[in-house]
């Protein structure tokens, strides 16, 4: 029924004029990305049409970050209306520069915020025990070093805080896995929070 993130990206980029689309592709190649992501090679962008660019955005950055990158680039080339429209349509993007939402724009993306972000405080305070959750995340979301680091916390709360410190580098799939692990091991806490 609803449109996918890819559909929204395609709709948005199709509304760019030829020159603006060219400018978008040029900037996309040199865009300063979050740690752990790499730029799409220029050769792959030069002849790419809107559909190609959208596919590459999603394959390189996954859906949520692809939208953020697109919103920032559109803002950069003075296509603010398109940027706002895309942000509203997908419920992603932090509004303006950078990935740290300030107090002003925290309200815009709230309804689409991931469960584990929205209930951060409650999950840190109330998740016990943490080990079984870490075991489920080990090897998929956490590597050995991260696993040991988080386990080194002396209390459950400290372990959860350490886990949340790693989260800025996670994509939606990692957060989904974390949520599933919480649900598997702490079903009643999750039901309680979801009932809020």
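Just to check your reading of the model, which residue among 19, 76, 55, 15 is out of contact with any helix residue (DSSP H, G or I) (no Cβ under 8 Å at 6 or more places or on another chain) and modelled with pLDDT of 90 or more? It would help to see each step written out before you state the result.
Working: 76 fails: out of contact with any helix residue (DSSP H, G or I) (no Cβ under 8 Å at 6 or more places or on another chain); 55 fails: out of contact with any helix residue (DSSP H, G or I) (no Cβ under 8 Å at 6 or more places or on another chain); 15 fails: out of contact with any helix residue (DSSP H, G or I) (no Cβ under 8 Å at 6 or more places or on another chain).
Only one candidate passes the filter, namely 19.
When segment 74-86 is filtered for residues that are outside any loop (DSSP other than H, G, I, E, B) and surrounded by fewer than 19 Cβ atoms within 10 Å (Cβ to Cβ), the ones remaining, listed by number, are 75, 76, 80, 81, 84, 85. Within segment 158-189, track down each residue that is over 26 Å from residue 65 (Cα atoms) and surrounded by 16 or more Cβ atoms within 10 Å (Cβ to Cβ). 159, 185, 186, 189, listed by residue number.
Residue-wise test of (1) at pLDDT 90 or above; (2) assigned to a loop (DSSP other than H, G, I, E, B); (3) more than 16 Å from residue 125 (Cα to Cα).
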| site | (1), (2), (3) |
| --- | --- |
| 157 | yes, no, no |
| 168 | no, no, yes |
| 174 | yes, no, yes |
| 182 | yes, no, no |
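The sole residue among 34, 44 that is in contact with a helix residue (DSSP H, G or I) (Cβ under 9 Å, 6 or more places away or on another chain), surrounded by fewer than 16 Cβ atoms within 10 Å (Cβ to Cβ) and under 18 Å from residue 172 (Cα atoms) is 34.
Any residue at all in segment 144-165 that's within 30 Å of residue 90 (Cα to Cα) and either in contact with a strand residue (DSSP E or B) (Cβ under 6 Å, 6 or more places away or on another chain) or touching a residue at least 40 places away in the same chain (Cβ under 8 Å) (or both)? Yes, because at least one residue in segment 144-165 is within 30 Å of residue 90 (Cα to Cα) and either in contact with a strand residue (DSSP E or B) (Cβ under 6 Å, 6 or more places away or on another chain) or touching a residue at least 40 places away in the same chain (Cβ under 8 Å) (or both).
Has segment 56-63 got at least one residue that is surrounded by 16 or more Cβ atoms within 10 Å (Cβ to Cβ) and in a loop (DSSP other than H, G, I, E, B)? No, there is no match, as no residue in segment 56-63 is surrounded by 16 or more Cβ atoms within 10 Å (Cβ to Cβ) and in a loop (DSSP other than H, G, I, E, B).
Inspect segment 38-46 for any residue being at pLDDT 90 or above and assigned to a loop (DSSP other than H, G, I, E, B) and give the result as yes or no. No - not one qualifying residue is present in segment 38-46.
The values are calculated or read from the model by the stated rules, or taken from the named source; none is laboratory data. Nothing here was measured: the structure is a model prediction, and the numbers come from that model. Ideal geometry is used to build each Cβ from the backbone, glycine not excepted, and the neighbour counts take in all protein chains shown.
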